[in-house]
Structures are given as C-alpha cells and as structure tokens.
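Read through the structure below, which is laid out as structure tokens, and then see the notes.
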2 protein chains.
Amino acid sequence: MTSGFHSLRECLQLDEQDPLGSLRSLFDLPEGLIYLDGNSLGALPRAAPARLAQAISQEWGQGLIRSWNSAGWFDLPRRVGDKIARLIGAREGEVLAVDSTSVNLYKVLSAALQIARHDAPRRKVVLSERSNFPTDLYIAQSLCQQHEMELRLVDCSEIMQALGDDVAVLMLTHVNYRTGAMHDMTAVNDQAHRCGALCVWDLAHSAGAVELDLHAAQADFAVGCGYKYLNGGPGAPAFLWVHARHSDRFWQPLSGWWGHAQPFAFEPGYQPAQGIGRYQCGTQPMLSLIALDVGVDTVLAAEPLGGMAALRRKSLSLTRLFGQLLQHRLSGHGLSLVSPQDDVQRGSQISLTRAHGAYAIVQALIERGVVGDFRAGDGAEHPDILRFGVCPLYTRYVDIWHAVDALHQVMSSGVWRDAKYGQQHSVT
Amino acid sequence: MTSGFHSLRECLQLDEQDPLGSLRSLFDLPEGLIYLDGNSLGALPRAAPARLAQAISQEWGQGLIRSWNSAGWFDLPRRVGDKIARLIGAREGEVLAVDSTSVNLYKVLSAALQIARHDAPRRKVVLSERSNFPTDLYIAQSLCQQHEMELRLVDCSEIMQALGDDVAVLMLTHVNYRTGAMHDMTAVNDQAHRCGALCVWDLAHSAGAVELDLHAAQADFAVGCGYKYLNGGPGAPAFLWVHARHSDRFWQPLSGWWGHAQPFAFEPGYQPAQGIGRYQCGTQPMLSLIALDVGVDTVLAAEPLGGMAALRRKSLSLTRLFGQLLQHRLSGHGLSLVSPQDDVQRGSQISLTRAHGAYAIVQALIERGVVGDFRAGDGAEHPDILRFGVCPLYTRYVDIWHAVDALHQVMSSGVWRDAKYGQQHSVT
C-alpha cells in the first residue's frame, strides 16, 4: 500500500487483494451499515444464532442439569480461556473466561497488592494513568482504600519517571479507550520490574485487535473484555490471566465455590484450587459464555491466514488509510487526529477531536449509516472524542473510504449543527 | 387433599383440578422426563428460544451498539430486578439482577460489615450456619479475614442462642440446600435485631418457590439465584436487595463504573450512585440476562392465579404427597426423610438420606427418567443427600407419584447396587 491518497476504486482493489477478506463472511452485518464500533460491541458471528439455539433448546431445554457434564458447561470458562490464551501469548491453563472486566480486575489487583505487601511492604502506591478507563481507576480506588495505599494518577508521558521505589503495582490499559494510544508493554514491564513493581494490564482494547505476547513481555497479571474485538456479544464474560509465578501465592478475595480445590466436596472451609482455578468465583452465565466461545472462534479463524500478526497488519493498514483520507479530504474542518500517527503506538482505532460538535457529528454520521461513537472529555486536557474502531476481521478498505466520505459530507454541509443531534448516553 | 395414600388415579385428578395446572404449558420439558431438579437448574421457558433468537439476530446482529438504548439493555438489570422484587416482598428500585450469587454476597456482606464496624465497632463476629451453602461461607471467610473478624459457624438449632452481643452480622440461607429446612425469617430477624446484629439472607432456594416478604420480615440485605426457581437458564445472573435504610451508607468494594453516579461522564474519581445503583459493577451478560427476564416472567404468570401464595400452597401439597407416598411405599429400604415434615419449616424440596448408596440410587433414578440430584455429606452429622426439588410452575402430582414409583422399583429390585452407578461430580 502506498502512502498517497486512495480513491474508492483503489480501496475496492485493496479489498479484493486482501488475504483476510474472506473472514468478513463469518459475520452477519446489517446491509449497508458501516460499522466502526467493534471496539465497543463486536459484530454478530454468523455461527452464533444456530449455536445458541442449540444451547438453549437442546442443552438447556432437553439436557437440563445433565448438560453441566454432557455439554461441557462445567469447564467452559477454562476452554474459552485456553482459546483466548492463543491470542494473547499466554499458555494453556492460564486464562479463564469469567465475570466482568471490573470484577476480574478486582481479583487480580487484590492478588497483586497482597504479593506486593508481602514482598515489599514499604511500597504503598498503585500507579496508573489519569486517562485510564474509569472503571479500572474506581476498582483501584476501592482496593487502595482497603489496603491503605495511595492511587497515584499521572499522564501517559510521566509513567516511566513516576516508577519510583514506592510503587507496588503499575496498572495500565494497554490501548487507551479514548486516544487509541498503545503502550510498549515490554518496555513498561521491564522498567516497572527494574523498579520493583508488579504490572497489571487491561487488554480490553487489545485482545483480538493487536499482537500480544504476555510471556515474552514478562507481564504479571492481565484482564480483558469479551464483547469488543473478541465478538462475544453484549456484556459477554471477560477474561483474566495470571502468570504462573504468582497464581498460587495468595487467594483472591472473591473466594466463591468455583475457585475451591474441590467445589463439589461442599466443605465448609475454603481451600483455593491450584493455579488459575482459584480465580473463579460463582457460576458463569452459560448462554453468554457460549456466545463468547463462538466469538473467539472468529478470531482464531485467522490462524491459518497468519493469525494475530496478519490481523494486526491489516488493522494498521486500515487505520493508516483512514488517516491519509482524513488529511486529504477533511482539512479545514477543525478536526484533529488524536490517535498516534506512528504505527507502533496506535491500537486499532482512529480518534478525532473537535473543539465543538463532536457528539453531534457522531450522531449525524450514525444517521448516515456510519457507526462510530463519542466519548465525552472533561475540558482541554481530555477533549471530546470521535472514535472509529477498526476490526480487521470484518472492516473493509471501502468502509474506511465511505466513512471518511460521509464525514466529509457531514462537515461540508454543516448538517451536524442541526439541533436534532442532541446529547445523550452511550456505552463502551 | 386428604392426608391418606394417593393412587395414580387420585394424582391425575389432583392435576386436573389444579388451578395452576395451565402454567406447565409455559415450559418446554423433555417428553417422558420427570424433572425434580428445578432447584438446581430451572426448566426452559417456551418463550425463551424465540426471545433469545430475536435478541441475538436483531438486537445484537442488526442493532449492534445502538441496542444499548433502543433494546433497553442499559437498564435491564433494574427492570428484571423490579420484577424479582414483586416475588420477594421488595419495592421497585430496590433489586438488581446482576453478577453471580457469590459476587453479590461479597458486595452486600461487605456493606453490612462496614455498617456494623461503624455503628457497633466492638462486634467482631459474623454468625452463620455450619451447613450453609459453602460458597456463602467461603465469601464470609474472605471478608472476615479482610475485616479482622471471626466467622462463627453453629448448627441450625443453635443460631438463636448464639446471637450474642459480639455478633455484627447474621448471614443465613433461608432454605437449606441440603435439607430443605426453612428458617422463620421474621423471627430470626427480630431476634438478631434485638441483639443488635444485621441480617444477610441468601434466597437461592426460596425466590420463586416460597412466599417472601423482605420488608415485612425486616430484613437488611439479601441475595438470590436466577437459575433455580426463577428459570433463568444455566448460570443466569443472580440478584441482590438492600434495604433503603442501608443502601446509601457505604460503598460496596466492587466499585465498577456501572455503580457510578454518572457512568458516562467518565470521571477518574468514583462517586457511587444513590440507592441500589451502586451495587452494580461491570457490564452484564445481556443474553443470559434476557433469558432470566423470560424466566422471571414465568413466575409472574402465576400472579392472576394467586401468585406466590398459590405457588407455595401447591408446592407444599406436592412435597406433602411425596412424603406420604414415601411412607406408604418405601418403608424398610433404609431411606430416611431429612426435609422437615412440618409445612412451615419445609422449602420446596424433599431430601432423603441413606447410610449407603445415595449416589447410586440417584443415578439409577436418572437412568429411569427421574431427575433428582445428589449432595455429598461429610459423615454422620451431614449425611449424603438424595434431593428432589419441586417447582410448582411445572411439577405435577403424577410426577411425584411416578418418582416414588421409580424409587420403589430401584430399591426393591436392588438395581442401584450395580457397579455402573459410580461416583462423580454434580452442579447445584
């Protein structure tokens, strides 16, 4: 792909030549819609309706309680976890697909704080990024209060120098939900470990979108989301990973019966399972977990075509195209690129900002069949964001072209100023 | 219904005269199966497959991210919670359908301990029942460790006298999962409050099965299960209730973004929502939550027919019949009734025990199309249990007759001694 301007015809050609182009047929996408919000809710895998219909009518309806064994519900959190492991550079038996990202973060951050308190009791700081996704900060705030520690928030550029000898745990989201900026996980872990801190990573905007190798990067703990690039459906269970060197050291506090060494012995005293098993808590929502299983399979379907490396190449190619088209067609409309221009620093999204009107512009685009989303800012430091997520499994080059074309129409016509595009809630 | 022995013909007549008999048609039950395990996994509502197919193909597939608003996903935890409130004597806006029972217990017990620590700092004991469902004890064990408190376990008969001035919180399951014995919630709350303790109730084996009035009973906190008598499907989200006098006093520690006063303001600092809202944490598994919504509707369908009072009358009538048939046909086979004979003390299940062979007998029954389940004991004090749950929405009098008949065949033929009926895991 050249660095120049791309015509619609060139984009059509890029799609035709795309070695991953066939993967789009794994999804059931609304006719005519350009969906650039897979970083918020991934598209429906074509295999999901039939698989879920079978789970509902046969496994639940006919098998009833027997399906816990016969349909494999019992170990589904581990089996889906093992599949996710292949996407994030973890090993078999190290990942669980359970609960929500927030609940999982509570578990792993609790464990990290207990380890830190034991190994380095003088370290009293959890370090994070001020623009981290809020739920991560809220969970950290709760745990810091519980452990009498300080949650210290710094800007992205200050993290490395903030890694002092008082830091117990560094907690970061790998790809920022607003800006799409991606940390160099290996470099950060390396610096944090040299300083004596543990690293907890939130992979919500990474898993299924960018290459990850948790072991090579020497990470300590990670959590991630099932309903974004893993295409697990609305509110799909999340996942968590704990490095084997940590997993048996302490309990995590959500010590429900599924994390017991022998859950069906029904003993009154808690004995945590060895390994990742102790990070289970209660019974998991099987229908949603089965949908996640199907969603993860769509990402694994890329393995024969080059896997995450190939998906990442295409993702970058798509976001690069987006940037080029913006530069060519949208200059002079007050839109600024917030997501990094440098490939190695960019996740799988394009983020723009504008002094005024970001929300209305997103609404006007949605009305024209281009679905991105809006993330409110809090002033100059964190301005309002127009977010366009790219999912290399189903986003086409022509989708990018049409999205920028629609944005051009919205801006040049001024239609976004129409009062009907008011402010309202949205969901990540 | 008389107290004498019932023939199959009499049972058929009871079904014909049953004012709730039509409710069975709300369920899709396997042909020929006698399902007495709805206390472990409720049956499939006939409306569920179509409703879920619509949620999957239309709301997820076509609506995509827009369905958070347009399909009402956003407030579904509250809307399902409001429906459950009608079944448990709670008020609108007081109940949430979220997460698992274990996770919810962690939230409410944490809140109760914070309140107790503030109001009565010298109280250092969480009192519970030794035969409580283990996950409740494990969660309490974790929180007691965190709060430097003692988890004190006593037998059921010792609870009232154990309510001393050192007890901060009394945590009980309303209907015991093994024995089916039911606490007098009003009397227990009354005694606990006079002693100065708060009461946390687990309604896992109560909601949808027995009459509940949390307000009349002056309860403080409650959690319950969605996949048993609420028919929400495998691993359906659980629910929680907090009395309004407590809900705004402290945070619960799982302070995820959904519990924030303004989740979509994306502020870095946590500000809990007023009321029950702060008991939300992360994004909920929508497909499983939608299934729960359908399941709860099956229980609400009894409202025009007398609601929970009518369901409770039928449930007692069924378990009473079970007991009578057992007495008449199964004496001399070493089976003893564990569930209470007194109606007011019995939940919606019949529990039996036998010195040997309980597991094999349950397996032999399952092979003959009668599905109950087995719960392992730990010796003389807590013997092995054969469990038969009765769901008044779909269990018929003839089902009870056939179940006892099959049990009679299994016992009198001695077929249960066959080596093929070995020991294995089961799921509540």
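Where a number appears in this text, it was derived from the coordinates with a stated rule and is not lab data. Keep in mind it's a predicted model, so treat the numbers as computed, not measured. Note: ideal-geometry Cβ built from the backbone for every residue, glycine included; neighbour counts use all protein chains shown.
Between region A:385-425 and region A:70-128, what's the alpha-carbon centroid distance in Å? About 36 Å separates the Cα centre of region A:385-425 from the one of region A:70-128. Farthest towards the positive end of the charge dipole of chain B, among the residues B:V223, B:Y397, B:A265, is the Cα of B:A265, using unit charges on the Cβ of Lys, Arg, Asp and Glu.
The charge dipole of region A:275-428, taken about the Cα centre with unit charges on the Cβ atoms of Lys, Arg (+1) and Asp, Glu (-1), comes to about 200 debye, rounded to the nearest 20.
Between 0 and 90 degrees, the angle of helix B:101-119 with respect to the longest Cα principal axis of chain B falls at about 50 degrees.
Taken one residue at a time, the phi angles of region B:278-292 give Karplus couplings (6.51, -1.76, 1.60, θ = phi - 60°) of 5, 8, 7, 10, x, 5, 8, x, 4, 4, 5, 6, 5, 4, 4 Hz. Gly and Pro are set to x. Among B:E31, A:E211, B:E381, the order by Cβ neighbours within 10 angstrom, fewest to most, reads B:E31, B:E381, A:E211.
Label separation (B:H408 vs A:R194): 8.1 nm, computed from points 7 Å beyond Cα along the C-beta direction.
Dividing the Cα radius of gyration of chain A by 2.2 N^0.38 Å, with N the residue count, gives 1.00.
Summary of packing: across the peptides A:179-185, B:392-398, the per-residue average of other C-beta atoms within 10 Å ranks them, highest first, as B:392-398, A:179-185.
Note that the protein assembly as shown, at 10 °C in a medium of 1.306 mPa s, gets a Stokes-Einstein diffusion coefficient of 57 µm²/s from its Kirkwood radius over C-alpha pairs.
The Cα trace of region B:75-300 gives Rg and Dmax of 16.5, 51 Å, the first to one decimal, the second as a whole number.
Overall, region A:125-187 carries a charge dipole of about 240 debye about its Cα centre when +1 sits on the Cβ of Lys and Arg and -1 on the Cβ of Asp and Glu, all other atoms neutral.
Across peptide B:229-235, the average count of Cβ atoms from other chains found within 10 Å of a residue's Cβ is 6. For the pair A:D378 and A:Q145 in one chain, pulling the backbone fully straight at 0.36 nm per residue adds 81.4 nm over the alpha carbon distance. How large is the translational diffusion coefficient of region A:349-390 in µm² per second when you combine the Kirkwood radius over alpha carbon pairs with Stokes-Einstein at 37 °C and 0.692 mPa s? Translational D for this selection: 319 µm²/s.
Calculated mean residue ellipticity, 222 nm, chain A: -11000 deg cm²/dmol, from DSSP H runs (n ≥ 4) at -39500 (n - 2.57) each, averaged per residue and rounded to 500. Cross-link check: pairs A:K83/B:K107; B:K83/B:K228; B:K228/B:K314; A:K228/A:K314; A:K83/A:K314 evaluated at a Cα-Cα cut-off of 20 Å; pairs beyond the cut-off: A:K83/B:K107; A:K83/A:K314.
Taking amide H positions as modeled 1.01 Å from N, with prolines and chain starts lacking one, the residues under 5 Å from B:R46 and 5 or more places away or on another chain are B:F27, B:D28. Ordering B:S22, B:S40, A:S315 by the number of other Cβ atoms within 10 Å of each residue's own Cβ, fewest first, gives B:S22, B:S40, A:S315.
Within the same chain, lysines fewer than 8 places from A:K420 are excluded, and of the rest, none has a Cα less than 23 Å from its Cα.
Taking amide hydrogens as placed 1.01 Å from N in the peptide plane, the amide H of B:R152 sits under 5 Å from those of B:V126, B:L127, B:S128, each at least 5 positions away in sequence or on another chain. Diagonalising the gyration tensor over the Cα atoms of region B:231-271 and scaling each eigenvalue by 5 before taking the square root yields semi-axes of 24, 17, 8 Å, largest first.
Taking every alpha-carbon pair in region B:29-71 and binning the separations at 5 Å intervals from zero gives 6, 20, 17, 15, 12, 11, 11, 8, 2 percent. Under a model in which nothing but the beta-carbon of Lys, Arg (+1) and Asp, Glu (-1) is charged, region A:75-300 shows a dipole of about 240 debye around its Cα centre. Peptide B:139-147 has a mean shielding of 4, counted as Cβ atoms of other protein chains within 10 Å of each residue's Cβ. Counting only other chain Cβ atoms within 10 Å of each residue's Cβ, the peptide B:93-101 averages 3. Taking other residues whose beta carbon is less than 12 angstrom from the beta carbon of A:Q363, and scoring Lys, Arg as +1 and Asp, Glu as -1, yields +1. Here the calculated FRET efficiency for A:Q62 and B:R51, from their Cβ-Cβ distance with R0 = 22 Å, stands at 0.75, rounded to the nearest 0.05.
Length available on full extension from A:V154 to A:A244: 0.36 nm per residue minus the Cα-Cα distance, which gives 29.4 nm. Placing a label point 7 Å from the Cα of A:Q262 along the Cα-to-Cβ line, no residue of region A:45-86 has its backbone N under 13 Å from it. Label-point spacing for A:G414 across the identical copies (point 7 Å from Cα in the Cβ direction), in nm and ascending order: 9.7.
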